[in-house]
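We did not get these values from a lab; they are worked out from the coordinates using the rules stated. Remember, it's a predicted structure, so these values are computed and weren't measured experimentally. Positions of Cβ are generated from backbone atoms using ideal geometry, with glycine treated the same way; all protein chains shown enter the neighbour counts.
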Protein chains: 8
Amino acid sequence: MCYHFRMKKPQVSIIMGSDSDLPAMQAAADVLEGFSIGVEVTALSAHRAPSAVAAYAKNAEKHGVRVIIAGAGLAAHLPGVIAAFTPLPVIGVPIKSSSTAGIDSLFAIAQMPPGVPVATVAINGAKNAGILAAQMLGTGDTRIRKALVAYKKKMEKEVLAKAARIGKGGFRKYLAEQKVA
Amino acid sequence: MCYHFRMKKPQVSIIMGSDSDLPAMQAAADVLEGFSIGVEVTALSAHRAPSAVAAYAKNAEKHGVRVIIAGAGLAAHLPGVIAAFTPLPVIGVPIKSSSTAGIDSLFAIAQMPPGVPVATVAINGAKNAGILAAQMLGTGDTRIRKALVAYKKKMEKEVLAKAARIGKGGFRKYLAEQKVA
Amino acid sequence: MCYHFRMKKPQVSIIMGSDSDLPAMQAAADVLEGFSIGVEVTALSAHRAPSAVAAYAKNAEKHGVRVIIAGAGLAAHLPGVIAAFTPLPVIGVPIKSSSTAGIDSLFAIAQMPPGVPVATVAINGAKNAGILAAQMLGTGDTRIRKALVAYKKKMEKEVLAKAARIGKGGFRKYLAEQKVA
Amino acid sequence: MCYHFRMKKPQVSIIMGSDSDLPAMQAAADVLEGFSIGVEVTALSAHRAPSAVAAYAKNAEKHGVRVIIAGAGLAAHLPGVIAAFTPLPVIGVPIKSSSTAGIDSLFAIAQMPPGVPVATVAINGAKNAGILAAQMLGTGDTRIRKALVAYKKKMEKEVLAKAARIGKGGFRKYLAEQKVA
Amino acid sequence: MCYHFRMKKPQVSIIMGSDSDLPAMQAAADVLEGFSIGVEVTALSAHRAPSAVAAYAKNAEKHGVRVIIAGAGLAAHLPGVIAAFTPLPVIGVPIKSSSTAGIDSLFAIAQMPPGVPVATVAINGAKNAGILAAQMLGTGDTRIRKALVAYKKKMEKEVLAKAARIGKGGFRKYLAEQKVA
Amino acid sequence: MCYHFRMKKPQVSIIMGSDSDLPAMQAAADVLEGFSIGVEVTALSAHRAPSAVAAYAKNAEKHGVRVIIAGAGLAAHLPGVIAAFTPLPVIGVPIKSSSTAGIDSLFAIAQMPPGVPVATVAINGAKNAGILAAQMLGTGDTRIRKALVAYKKKMEKEVLAKAARIGKGGFRKYLAEQKVA
Amino acid sequence: MCYHFRMKKPQVSIIMGSDSDLPAMQAAADVLEGFSIGVEVTALSAHRAPSAVAAYAKNAEKHGVRVIIAGAGLAAHLPGVIAAFTPLPVIGVPIKSSSTAGIDSLFAIAQMPPGVPVATVAINGAKNAGILAAQMLGTGDTRIRKALVAYKKKMEKEVLAKAARIGKGGFRKYLAEQKVA
Amino acid sequence: MCYHFRMKKPQVSIIMGSDSDLPAMQAAADVLEGFSIGVEVTALSAHRAPSAVAAYAKNAEKHGVRVIIAGAGLAAHLPGVIAAFTPLPVIGVPIKSSSTAGIDSLFAIAQMPPGVPVATVAINGAKNAGILAAQMLGTGDTRIRKALVAYKKKMEKEVLAKAARIGKGGFRKYLAEQKVA
């Protein structure tokens, strides 16, 4: 069997259990592209297309992928199933479903048995999955580590700018301005 | 690859994520043997031996298996992974681990996405998994349905016998006698 | 007493605790009819009409029913009450209520005591209940097993088609097209 | 069918899902006997002996029972099943099982649908079930209401006596004395 | 101190922690009035008006109240505080708040310590609180017990009528008709 | 490093993890200003601006702050991080996020290890955080204690006024009037 | 009515729902005495001795108490009931019971309604309750604030000493030495 | 300030909130040493020694550390606090405490806000934290990736060997042999 989405691999591969997870997972791609890290995105269900998922996971490393981000909801097996087939680090994103507020997928992703870890981020935490993937690549890449330091500084600056604005005009003025905007 | 545990298949195959689950899962085999239904038992981790699990699941039907019982704890993916590869009904037994009282495995087994069900029983409910397997086979086997009717009658009789004993001697006498026994 | 909904029985009987559960349960009937398996549907509360439920459960087998699907919310006793009265396999569908996100009904259906199993599916998992019923009947019916294999293939093909589309045009184009559609 | 435990009914009938619940439920009988209120005790599973439970519940009122106390664990259906068959008030005692700390049975007893209430007490709260049964009978019985007032006074006095002892000698002396005793 | 709402007491007194609970609690009054049982309704916070609550609870019995229904949300202390001051049975209604889906109030009401029970009903179960109050009064009042039997019969008839309609026209027609209505 | 929001310190400092928490936290400032207690408000993330948070916490006491109120959601570390750096009492407000109903932040704030307490209030309980800050200051300030007594009296009076209105006109009239208003 | 435990009040009053809570609550007294802050300890149930609790709470301030620490388990109403009657800050300690791992008491203490806060600490967090009480008194008492700074320094030093020992000899030696000791 | 445990940094630094976490965390060091990856181990509380933790986190990268593993229980802030101060990937290990079965620390570690991820593993999942750290380093180190492939093969072989033994002698013999051993 051959899946065409598997031609040339960027360093990070983002996969999710269903195309309906794309809006929740998109932030992972956005943040990685911000770090100029190549990503590919696909959607493959561990339960409805298990052979494709196994093939995807088995081949990822040799295609040059170095980190896999896998998002899934409910009985979220996708991250763990992929982790079973690859020596690469797998980041799991529990996706909130309507029924149990994401706690089911948090458990199903985080509680992996000894031997096969999944690096779990927050419920609907796709953005952090992207940052974490960058951090992982950064262990062997000084350029990325520097970019991460800059990223953190930028975040800090934004927080301090807002704090300064709140401190100067008072929080009531700040709130009023935001309602207008 | 070839797994020797796969010679001649009985109707029900019992699998669990680890050999440490054997004490919790054994009741499923016991109850099925009580119904004279052939069982095989194995232990294969969905995360540590994923190819063997996939092969097991893909081949089960053609070896004559008609129902699969799969027990697992923590992020219990085994039942769902097997269900992904077989048209046979899969019964999932959430196994209680020390950390979260089995709720993690209950969620990870029950909350399967549309298209790939797992028939979930109670936490540590291996005995009921065995009975449920018999009931499934009973849909096409009058002999088993009759055996199930007899089984239910026997359970009822035992309950009524105890109730009669409590009613006759009083519950305090009953309790005292049990402490002696 | 006589209930007219009990004339000629199809192989699967779908029951729910209230007529307000019909929208949530309807997918079970849809999927079974897709497999050309006869279904009947009714709504009977285990608490408001307990004698009718008992009669329903006691008579199901002799009317030709082979699998019962029972959906209920809150303190969801219906599946367990039916399982108490029949040797047939009972599939329980926990229905999400507004107050506790379906966890109450998941517990009330899954945690059955030894001797009387209920095959529990996901919260609001009526579609999977239908598939599971087909799988149960498939243990004794080669035609249904083949239909299930085809069903799984079709699901897989749909997943791969979407993956191919995402892989080809990129996920951003895919998302944009979906918003238009 | 005829169950011999059903000869002459006292005002309160205590039932539980299994004879293994007797140690947890016994306090209900103790407290009621302390109020000189007649009790009977039995054990009948709603799932293993459903017809007996239905018969028990249907006949309770005409045998003179005025309140039913029902204790059960796991998917604790017994109180609700009885409530379905009787106009009498049913007090439910959720019994703690090993797997989910009693929350499953608390949900399965408390979350009854509109129309059929169960008066739920705390997990393993058999003593309070007994007191509540007395309070219910007290709505139509001045003697019992007076006994309840006295009971509350006695509890209060005991609490105040301990508080006085702690206040006088200090809590460290109090603790030391208890370790000796 | 004197509270004017305390002139002539009906048999059941309904109290809630806040006037914002009135919409959720109103069903208790409705159902009791349907049984021709006198009710009074008030709103008093156990935390914001504790002396009034204590006075209310201490005096209820001598004003002729026989059952108290108390509804509260969050850290729902009102039912337990009232139970502390009266020998009357207290029915607690956990009211769902936005933050924790009512589980906080279910725990805060159900988990009373030995000696002081609260008869807990379902989250937002005001209707059942009313029925339970009637059942409690029915322990000493044949007329109410008969009314409860009739009430149960009526519920059963309604359920069977709907089931007959679903059975006759099929559930799809039934659903379509409801969407029109 | 120097943060301009740190010029002259009032007695209570309100901080939150993000400016998006301002609407949820604003009630704390409102209630304190009602007690004529000086407040300052800022927003600083423990994770995105950790040095600023550490500086904030270390300097608070010497700038005259006596109580810190810290609100945060999700893995709500802000209150605990501040408590680590200051001898002042820290009040933590768990803020409800969309994913897990605030239980995550309740745990992350309340479950502090021995040695470093955080005074946790209810989920989204900013108003109570303000009152609690006043009570803390009141331990050394008779004027504030008197204001708190008056505050409690006013709350009580409001409750009793509503109760009187409900008692007089009946709850149905009360509800109808509220719908109009 | 008069309770002898109410003679001369120290600044902090520690109360708990039952004398069986003394072992869990004792650390609060220990830590306060370490700060040379006077404590009194008593045990009074909000449910079994409600008038004594009300009297205790109403009189605490005028007897010189400035902070109340209240520990309780299950449906832990004691802290909230006391908070209703006093303008003093009330610290609530949720005590772990066997049935629901302390989550019930955490909810019942933390989720107080607007207007009446309880400063909640961790489950079984009596030691932190003592430190928090000292911090509250420290808002108006420089000596206590200084003692708290010293206390924090001492904790830090102990942590660093252990870290140095682990860093020097390695964690395996450290662990081995602890097993010997 | 200077902490001697900071001389020469290996690639992975393991830190935990308390020396009492050493037995739970030790597996992380063991597994990394098995991969010939240098580790250092220390114990520093985020709450009791916050400046040391900040210094530790800020300096880790320049000392050559590439991955930090942080274990903590209860309101487990340590991993998040460290993640705030470093561009390195931080792996969080939720440690099970006695009170809430580790769910509090799972939430407190996994639910990090956007911008600052923590790679969360299972409750008490120190071994998997070690493997995950190796996988992270493996993104830039072919030797480690190869070692991970070998590690996975070894795990698989062990599982298959056990399965073969169970398949050959039967699970009852297998269980009997284990009890002897």
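Which whole number gives the average count of other chain Cβ atoms within 10 Å of the Cβ atoms across peptide C:14-22?
Values: counts 1, 1, 2, 2, 4, 9, 1, 0, 6.
That average works out to 3.
What average count of beta carbons from other chains do you get within 10 Å of the Cβ of residues in E:65-77? Intermediate results must be reported in sequence, preceding the final value.
Values: counts 1, 6, 3, 0, 0, 0, 0, 1, 2, 11, 18, 7, 14.
Mean partner-chain Cβ count within 10 Å for E:65-77: 5.
Pairs of alpha-carbon atoms within less than 8 angstrom and 6+ residues apart define the contacts here; what relative contact order does chain F have, in percent?
Details: 301 pairs, mean separation 36.3, N = 181.
This gives 20 percent for chain F.
Per-residue Cβ counts within 10 Å, from other chains only, averaged over F:87-96: what number is that?
Mean partner-chain Cβ count within 10 Å for F:87-96: 5.
Grab the residue from chain H whose Cβ hugs the H-to-C rotation axis most tightly, plus its distance in whole angstrom.
H:ILE103, 7
For chain B, state the semi-axes of the equivalent ellipsoid (square roots of 5 times the eigenvalues of the alpha-carbon gyration tensor), sorted largest first and rounded to whole angstrom. Don't skip to the answer; put the middle values down first.
On the way: eigenvalues 220, 83, 40 Å².
Calculated on Cα positions only, the semi-axes equal 33, 20, 14 Å.
Using a Förster radius of 56 Å, what is the FRET efficiency between H:ALA161 and E:ALA150 based on their Cβ-Cβ separation? Nearest 0.05, please. Intermediate results must be reported in sequence, preceding the final value.
Values: r = 69 Å, r/R0 = 1.24.
Once rounded, the FRET efficiency stands at 0.20.
Under a GNM of chain H (C-alpha, springs under 10 Å), which listed residue has the highest mean-square fluctuation: H:SER98, H:SER13, H:SER36?
Highest fluctuation of the listed residues: H:SER98.
How tilted is helix D:22-34 with respect to the longest principal axis of chain D? Cα atoms for both, answer in degrees (0 to 90, nearest 10).
Tilt of helix D:22-34: around 70 degrees.
Starting with the fewest neighbours, write out F:VAL149, A:VAL41 ranked by other beta-carbon atoms found within 10 Å of each beta-carbon.
Working: F:VAL149 14, A:VAL41 25.
Sorted ascending by nearby Cβ count, the order is F:VAL149, A:VAL41.
Name the most mobile residue of G:GLY115, G:GLY71, G:GLY130, meaning the one with the largest mean-square fluctuation, in a Gaussian network model of chain G with Cα contacts below 10 Å.
G:GLY115
Build a GNM of chain C with springs between Cα atoms under 10 Å: which of C:ILE37, C:ILE103, C:ILE166 gets the top mean-square fluctuation?
C:ILE166
Restricting to DSSP H runs of at least four residues, report the calculated mean residue ellipticity at 222 nm for chain D, -39500 (n - 2.57) per run over all residues, nearest 500 deg cm²/dmol.
Values: 7 runs with 91 residues, N = 181.
For chain D, the value works out to -16000 deg cm²/dmol.
Going down the table (D:LYS162/G:LYS62; D:LYS62/E:LYS157; F:LYS58/G:LYS154; C:LYS127/E:LYS173; C:LYS58/D:LYS96; G:LYS127/G:LYS168), which pairs top 26 Å between alpha carbons? Intermediate results must be reported in sequence, preceding the final value.
Working: D:LYS162/G:LYS62 24 Å; D:LYS62/E:LYS157 22 Å; F:LYS58/G:LYS154 17 Å; C:LYS127/E:LYS173 20 Å; C:LYS58/D:LYS96 31 Å; G:LYS127/G:LYS168 31 Å.
The answer is C:LYS58/D:LYS96; G:LYS127/G:LYS168.
From the backbone phi of the range B:69-76, what are the Karplus-calculated ³J(HN,Hα) couplings (6.51 cos²θ - 1.76 cosθ + 1.60, θ = phi - 60°) in whole Hz, Gly and Pro given as x?
Here the 3J(HN,Hα) series is 10, 10, x, 7, x, 6, 6, 6 Hz.
Which value, in debye to the nearest 20, gives the size of the charge dipole of the range G:5-138 about its Cα centre, when Lys and Arg are +1 and Asp and Glu are -1 at the Cβ? Intermediate values should be presented prior to the final figure.
Numbers: 9 positive and 7 negative charges, 66 e Å.
For this selection, approximately 320 debye.
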